[in-house]
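> One structure, as structure tokens, below. Some questions next.
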Amino acid sequence: MAGWSLEYSFDVDRKNAVIYVKIHGIWKPATAESYHEDFKEEVAPILDRPWAKLIDLTNWRTSYPGVIEVIGKHMDWCRKRNLAYALYVLNNPSTFRQLHEMFTAGGTKEVSQTFRTNEEAMLFLKSNWINKQTKVNQQ
């Protein structure tokens, strides 16, 4: 990642092919573009196989309208590079609506799921992804 950011952070689990992301604040399109560039760098080590992402949006606020297009393109980029699951944690109705607009723009509705808590998202991730990755890694 190109420096430290108040708007987002990443943690990559290479073994299980998962990137964990935390998003903060209100974004402008330039923030979304920086995020996409940093994301590409962080996720590069796991792009050679199917992977998942869990994005914590509990501290994200509805963003500027131009962000929908930028993040839509980001989602499309992810999908074209082996994204298997995109899990989002959020509990704000306004951001929920905007996130769904991004799913439409990025064509990721079929791989995207939303959850109200991190616990629910982690339970889904473990049972539907991490446990399967563990079996694959043991073979």
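> For residues that are surrounded by fewer than 17 Cβ atoms within 10 Å (Cβ to Cβ), in a helix (DSSP H, G or I) and modelled with pLDDT under 95, tally how many sit in the range 91-120.
So the answer is 9.
> What number goes with the only condition from (1) surrounded by fewer than 18 Cβ atoms within 10 Å (Cβ to Cβ); (2) farther than 17 Å from Tyr8 by Cα that Tyr64 does not pass?
(2)
> Is there a residue in the range 80-89 that is surrounded by 15 or more Cβ atoms within 10 Å (Cβ to Cβ), assigned to a helix (DSSP H, G or I), at pLDDT 95 or above and not hydroxyl-bearing (Ser, Thr, Tyr)?
no
> Do we find that Ala17 is surrounded by 16 or more Cβ atoms within 10 Å (Cβ to Cβ) and in contact (Cβ under 8 Å) with a residue 40 or more places away in the chain in this structure?
Values: surrounded by 16 or more Cβ atoms within 10 Å (Cβ to Cβ): yes; in contact (Cβ under 8 Å) with a residue 40 or more places away in the chain: yes.
Yes; evaluated as a whole, the condition is true for this residue.
> Answer yes or no as to whether Lys15 is part of a loop (DSSP other than H, G, I, E, B), modelled with pLDDT of 90 or more and either under 22 Å from Asn128 (Cα atoms) or small (Gly, Ala, Ser) (or both).
Values: part of a loop (DSSP other than H, G, I, E, B): yes; modelled with pLDDT of 90 or more: yes; either under 22 Å from Asn128 (Cα atoms) or small (Gly, Ala, Ser) (or both): yes.
In short, yes.
> Name the one entry in Glu7, Glu33, Glu69 that is under 23 Å from Ala105 (Cβ atoms) and touching a Gly at 6+ places or on another chain (Cβ under 6 Å). If you could, list the steps in order and put the result at the bottom.
Numbers: Glu33 fails: touching a Gly at 6+ places or on another chain (Cβ under 6 Å); Glu69 fails: touching a Gly at 6+ places or on another chain (Cβ under 6 Å).
Of the residues listed, the single one that is under 23 Å from Ala105 (Cβ atoms) and touching a Gly at 6+ places or on another chain (Cβ under 6 Å) is Glu7.
> Still on this structure, please answer the following. Going by the conditions given, is Glu7 under 15 Å from the mean Cα position of the chain (by Cα), farther than 16 Å from Ser112 by Cα and at pLDDT 95 or above?
Here the answer is no, as Glu7 does not meet what is asked.
> Would you point out which residue out of Asp76, Asp48 is outside any helix (DSSP H, G or I), more than 12 Å from Ile19 (Cβ to Cβ) and acidic (Asp, Glu)?
Working: Asp76 fails: outside any helix (DSSP H, G or I).
Going through Asp76, Asp48 in turn, just one is outside any helix (DSSP H, G or I), more than 12 Å from Ile19 (Cβ to Cβ) and acidic (Asp, Glu): Asp48.
> Is it fair to say Leu54 is without any contact (Cβ under 8 Å) to a residue 60 or more places away in the chain and either surrounded by 19 or more Cβ atoms within 10 Å (Cβ to Cβ) or not in a helix (DSSP H, G or I) (or both)?
Judged against the criteria, Leu54 is not a match.
> Can you find a residue that is closer than 19 Å to Ala121 by Cβ, touching a helix residue (DSSP H, G or I) at 6+ places or on another chain (Cβ under 7 Å) and in contact (Cβ under 8 Å) with a residue 12 or more places away in the chain anywhere in the range 23-32? Give the derivation first.
Let us first name the residues in the range 23-32 that are closer than 19 Å to Ala121 by Cβ, namely 23-24.
From what is left, the residues that are touching a helix residue (DSSP H, G or I) at 6+ places or on another chain (Cβ under 7 Å) are none.
No, that holds for no residue.
> Determine whether Leu123 is out of contact with any His (no Cβ under 6 Å at 6 or more places or on another chain), free of Cβ contacts under 8 Å to residues at least 60 places away in the same chain and crowded, with 17+ Cβ neighbours inside 10 Å. Before the answer, list the steps.
Numbers: out of contact with any His (no Cβ under 6 Å at 6 or more places or on another chain): yes; free of Cβ contacts under 8 Å to residues at least 60 places away in the same chain: yes; crowded, with 17+ Cβ neighbours inside 10 Å: no.
Here the answer is no, as Leu123 does not meet what is asked.
The values are calculated or read from the model by the stated rules, or taken from the named source; none is laboratory data. None of these values were measured; they are calculated from a predicted model. So basically every Cβ, Gly included, is an ideal-geometry build from the backbone, and we count neighbours across all protein chains shown.
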